[in-house]
1. Can you tell me which residue within the range 229-256, out of those that are among the polar types (S, T, N, Q) and in contact (Cβ under 8 Å) with a residue 12 or more places away in the chain, is least open to solvent (accessible area, probe 1.4 Å)?
2. Go through the range 36-58 and count every residue that is open to solvent by 10 Å² or more (accessible area, probe 1.4 Å), part of a helix (DSSP H, G or I) and of a type in the set (A, V, I, L, M).
3. Applying the selection to the range 164-185, what residues are part of a strand (DSSP E or B) and open to solvent by 20 Å² or more (accessible area, probe 1.4 Å)?
4. Among Gly97, Gly117, Gly145, which is the only one that is open to solvent by 10 Å² or more (accessible area, probe 1.4 Å), closer than 17 Å to Met199 by Cα and part of a loop (DSSP other than H, G, I, E, B)?
5. Give just the number: which of (1) in a loop (DSSP other than H, G, I, E, B); (2) over 19 Å from Pro144 (Cβ atoms) does Gly104 not satisfy?
6. Looking at Ile232, Ile237, can you tell me which residue is assigned to a strand (DSSP E or B), at pLDDT 95 or above, of a type in the set (A, V, I, L, M, F, W, C) and under 28 Å from Glu95 (Cβ atoms)?
7. Every residue in the range 9-35 that is over 20 Å from Lys213 (Cα atoms), open to solvent by 60 Å² or more (accessible area, probe 1.4 Å) and modelled with pLDDT under 85, please.
8. What is the residue count in the range 59-94 for residues that are at pLDDT below 95 and assigned to a loop (DSSP other than H, G, I, E, B)?
Amino acid sequence: MHERERHRIILSAVQEKSVVTIQDISELTEASEATIRRDIAALHVQGKIRRVRGGAEAVHPPQLGNLAGRPFRVSESVNIDKKRAIARAAVDLCEAGDAIIINGGTTTFQMVHYMAGHRMQVMTNSFAIAEHLVKHSKNTVTVPGGAIYREQSLILSPFDNDAIRNFYARRMFIGAQGVGPLGIMEADALIIQSEQKLMHQADELVVMVDSSKFNRRSSLILCALDRVSVVITDDGISEEAARMVENAGVRLVVASPVTQLVKEDSSSVA
């Protein structure tokens, strides 16, 4: 990853979490901790962040009320080739005229690049997905009511009187913070509440996660593995993780990273 991109990720991360560790940034950027220390030192000298023991903090603390989990713009470029491969495999499951639900996330967002030629009925709580599909496809797009969380590009509401209960879908596509023996994990209770409402409106649940998510855990369980119909991941999945999915009676789809670049419209939400 280029230095400029690493710096962008570091600046976005500290604005959302106030304080981030060297280890966190190293994981986000896939760069060595020595490289991240140099990046933090450079940004500190420029006055863009403050260097602290073991990490960095924001010069101006972020506003309160953000959702847990990484901001959309921070995560979007992480494992991008794997996310595109997974997204392409997800769209391959769809047929013309299908009604589908796409939950917000950086992996599910990549589906939009393969949906331009489709004509489906799509409900999404992702502002980024909705905007892209409206501008660059002929799919019909429905969004639920609620507040827009800018950092995650999500539309969420704690109330039941939104458009969700009036939409029926053949499949729902979601990402996740982690996947383990206890099930699909997320980091924020409000996100889980929204996802569970959406799940009730779909026959099948398709989980889209890159192989690193099988090594991650979160404090909140969205659902058990046996609620999932399909897991789509990349070819970096371990044999142990693959057995876990298949032993739960879940169909496993392994996608090879996309070799050709997807032409992304400059108007896409980042």
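1. Taking the candidates together, the pick is Thr233.
2. Initially, the range 36-58 is screened for residues open to solvent by 10 Å² or more (accessible area, probe 1.4 Å), giving 37-38, 41-42, 44-48, 50-54, 57.
Filter once more, keeping what is part of a helix (DSSP H, G or I): 37-38, 41-42, 44-45.
When the remaining residues are screened for being of a type in the set (A, V, I, L, M), the result is 41-42, 45.
Residues meeting the conditions: 3.
3. Hits for the range 164-185 are Arg170, Arg171.
4. Matching residue, one of Gly97, Gly117, Gly145: Gly145.
5. Condition not satisfied by Gly104: (2).
6. Being assigned to a strand (DSSP E or B), at pLDDT 95 or above, of a type in the set (A, V, I, L, M, F, W, C) and under 28 Å from Glu95 (Cβ atoms) holds for just one of Ile232, Ile237, which is Ile232.
7. Gln15, Lys17, Val19
8. 17
The values are calculated or read from the model by the stated rules, or taken from the named source; none is laboratory data. Bear in mind that the values here come from a model prediction, so they are computed numbers and not experimental data. Because the Cβ atoms are built from the backbone with ideal geometry, glycine has one as well, and the counts that use them run over all protein chains shown. Heavy atoms of the whole protein, side chains included, go into the accessibility calculation; ligands, DNA and RNA do not. Shrake-Rupley method; radii C 1.70, N 1.55, O 1.52, S 1.80 Å.
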